[in-house]
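Here is the structure we will look at.
The numbers here are math on the coordinates, done by the rules we state, and not lab data. The model shown is predicted, which means the values in this text are computed figures rather than measured ones. FYI the Cβ positions are ideal-geometry reconstructions off the backbone, even for glycines, and counts take in every protein chain you see.
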Amino acid sequence: MSTPIKSSSLQTYQTIVYDRALHPELFQLRDRRIIRHAGYSLESWLMRGGHILRFEYDGHCATELVTDQESNLPATGVIQAFLCAGERDYEHTFARSKITYMTSVQTETLSENLYQATYEEISELARCEGALRSDWSVDEGRCLSVLDVQRYNHEVHAQAYHMIAAGGLVLRTQTIFEHR
């Protein structure tokens, strides 16, 4: 069954960092998971082609949103927003808390053969790691979003992969939230 989704491009994908929580009713969530460990919590929300990571520690909250949604996004509490095209690194220490946020974002446009091989590789990674995943199809082929999280005592790492068959788009993020 083919599910309609707008044709995504590198120019629409963006990362937005907030100093507050976002509310799930604003997004079409496909899966979610909460991790509580060593005094912090991370709530992971997976959407088709995007994700939200909400990190809370010592009464403070930091949120990462990766989306191709261009309108109706919360404006309150935005710390930084940037397009995902190419390669980007960003780091921010929240002044009122003991939280540091770091992310690395990479995008690629792959040929059909490379896209299929990468799709199989990421699909296998999701299966082996028990990661959050959302699969869907468009006329151009299979799409996939995966969110994999590792927890440590003073930080949490999250790797996200969003694969959009239209255009062979692959968006990868590696994010760390740490607390002192």
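What the Cα atoms of segment 116-156 give is an Rg and a Dmax of 12.7, 44 Å.
Going by neighbour counts of Cβ atoms within 10 Å, the residues I79, I16, I34 line up, fewest first, as I34, I79, I16. With the simple spin-label model, which puts each label point 7 Å out from Cα in the Cβ direction, the Y152 to S41 separation comes to 2.4 nm. Applying the Karplus relation 6.51 cos²θ - 1.76 cosθ + 1.60 with θ = phi - 60° to segment 105-114 yields 3J(HN,Hα) values of 10, 9, 10, 9, 10, 9, 5, 4, 5, 5 Hz, where x marks Gly and Pro. Rounded to the nearest 500, the 222 nm mean residue ellipticity of the chain from helices alone is -3500 deg cm²/dmol, with -39,500 (n - 2.57) taken per DSSP H run of at least 4 residues.
Viscosity 0.890 mPa s, temperature 25 °C: what is the translational diffusion coefficient of segment 1-151 from Stokes-Einstein with a Kirkwood Rh over Cα pairs, rounded to a whole number of µm²/s?
Result for D is 148 µm²/s.
In order along segment 54-66, the Karplus-derived 3J(HN,Hα) couplings, from 6.51 cos²θ - 1.76 cosθ + 1.60 at θ = phi - 60°, round to 10, 9, 10, 8, 6, x, 10, 9, 10, 10, 10, 10, 10 Hz, and Gly and Pro are given as x.
When S97, S71 are sorted by how many other C-beta atoms sit within 10 angstrom of their C-beta, beginning with the fewest, the order is S71, S97.
Can you give me the relative contact order of the chain as a percent, contacts being Cα pairs under 8 Å and 6 or more apart? Here the relative contact order equals 24 percent.
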